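Some notes on the structure that comes next.
The values are calculated or read from the model by the stated rules, or taken from the named source; none is laboratory data. Everything numeric in this text was worked out from a predicted model, so none of it was measured. Reconstructed Cβ throughout: ideal geometry from the backbone, glycine too, with neighbour counts over all protein chains shown. Protein only, heavy atoms only, side chains kept; ligands, DNA and RNA dropped before computing areas. Shrake-Rupley method; radii C 1.70, N 1.55, O 1.52, S 1.80 Å.
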Amino acid sequence: MNRRLSIPTAIALALSTFAVPALADGASSRSDRSAWESPQHVALELRFGPYRPDIDDDFPQAKPYETAFGDSARLYVGLELDWQALRIPYVGTLGPGIGIGYTHMNGHTRLASTGEPSAEKTSLGILPMYAVGVLRVDVLARETVIPLVAYGKAGVGHALWWTGNDLGPSRGPDGKIGRGSTSGTHFAFGGMLLLDIFEPSSAITLDNEMGINHSYLFFEWMMSNLDGFGAEPGTKMRVGTSTWIAGLAFEI
């Protein structure tokens with residue numbers, strides 16, 4: 001006796017026709033990875049995100065940063081290199097990492113008499129750096145068809161900063177050039193999407209020809225608390241920030 005399939009049943013059968021072979025291919029590519037995968041030692045991240053330094057946290061009334069540069073964030077670009085020194089079975093990798101970034105902002109000084117922006121431009125450049133321990137939990141991406149990796153980072157940060165105006169480097173009332181450095185703690189946590197699943201054959205070719213084991217798209221929340229390790233307000237310029245970061249990562 002012939003029976004017509006319901007629409008939900010037909011959709012389920014159609015999806016299974018394509019999904020099951022795809023999952024099987026993904027599982028097989030992971031199970032025989034030792035046959036083609038090159039040695040993996042480091043992870044390289046290209047990092048981008050908004051950056052607004054915490055300068056005004058020490059001056060909630062005067063708000064010198066917002067007064068000069070407004071309340072919008074600026075673009076941060078960075079680079080991070082992690083050494084995957086230890087592989088923990090059924091968990092992932094653990095090792096040290098170092099990173100460096102850059103951001104720059106321009107604005108206008110305010111007239112003391114009226115508070116209106118003057119014609120004179122002012123600028124602030126920040127070069128944040130950090131050293132962290134990195135734990136990447138990649139067991140799902142390596143052993144199953146779930147292409148996700150979670151990670152956490154913890155360590156210390158240090159930033160160089162400098163200010164300027166139309167005449168060059170700015171100077172304070174004491175005649176000192178407006179530049180300095182601030183240290184503090186650095187933390188981050190995030191997730192990664194394994195891009196190999198979209199083009200498995202291309203991923204194998206990339207590994208064989210260039211030694212790039214895996215490629216990822218990642219998203220993280222970064223907390224760079226550069227406050228001089230709790231120094232008195234006003235003694236160290238707080239140029240760290242808490243912000244989201246996105247980018248591309250490659251394991252080599």
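Side notes on the structure shown:
- Relative contact order, percent, the stretch 120-232 [alpha-carbon distance under 8 Å, six or more residues apart]: 26 percent
- Subtracting the Cα-Cα distance of V91 and R179 from their residue separation scaled by 0.36 nm leaves 27.3 nm.
- Candidate residues S202, S181, S215: accessible-area rank, largest first, probe 1.4 Å: S202, S181, S215
- Here r is the Cβ-Cβ distance between E143 and T235 and R0 is 45 Å; the resulting FRET efficiency, rounded to 0.05, is 0.35.
- Annotation note: chymotrypsin sites (Phe, Trp or Tyr not before Pro) in the stretch 199-252 located in DSSP loop regions with a Cβ neighbour count of at most 14 within 10 Å are F229.
- Computed accessible area, E199, all protein chains, 1.4 angstrom probe, square angstrom: 110 Å²
- Amide proton proximity set for I212, modelled H, under 5 Å, gap of 5+: D207
- Computed with a 1.4 Å probe over protein heavy atoms only, the accessible area of K236 comes to about 90 Å².
- In a DSSP loop and with at most 13 other Cβ atoms within 10 Å, the chymotrypsin sites (Phe, Trp or Tyr not before Pro) in the stretch 66-96 are Y90.
- Phi angles of the stretch 135-151 translate, via the Karplus equation with coefficients 6.51, -1.76, 1.60 and θ = phi - 60°, into HN-Hα couplings of 10, 10, 9, 10, 4, 5, 5, 7, 10, 10, 8, 8, x, 10, 10, 10, 8 Hz per residue; Gly and Pro are given as x.
- Over all other residues within a Cβ to Cβ distance under 15 Å of L75, the charged ones net out to +3, with Lys and Arg as +1 and Asp and Glu as -1.
- Partner aspartates and glutamates for K153 [C-alpha distance under 20 Å; skip if fewer than 8 residues away on the same chain]: E45, E80, D82, D138, E220, D227, E251
- Amide proton proximity set for F59, modelled H, under 5 Å, gap of 5+: none
- If you plug the beta carbon distance of Q61 and S202 into 1/(1 + (r/R0)^6) with R0 = 51 Å, you get a FRET efficiency near 0.35.
- Kirkwood radius and radius of gyration were both taken over the C-alpha atoms of the stretch 130-237, and their ratio Rg/Rh is 1.21.
- Rounded to the nearest whole Hz, the Karplus-based 3J(HN,Hα) values (6.51 cos²θ - 1.76 cosθ + 1.60, θ = phi - 60°) of the stretch 58-69 follow the sequence 8, 9, x, 8, 6, 6, x, 5, 5, 4, 8, 10, with x at glycine and proline.
- When the residues I88, I245 are ordered by accessible surface, computed with a 1.4 Å probe over the protein chains alone, the sequence from largest down reads I88, I245.
- Segment V156-L44, extension gain: residue separation times 0.36 nm, minus the distance between their alpha carbons: 38.4 nm
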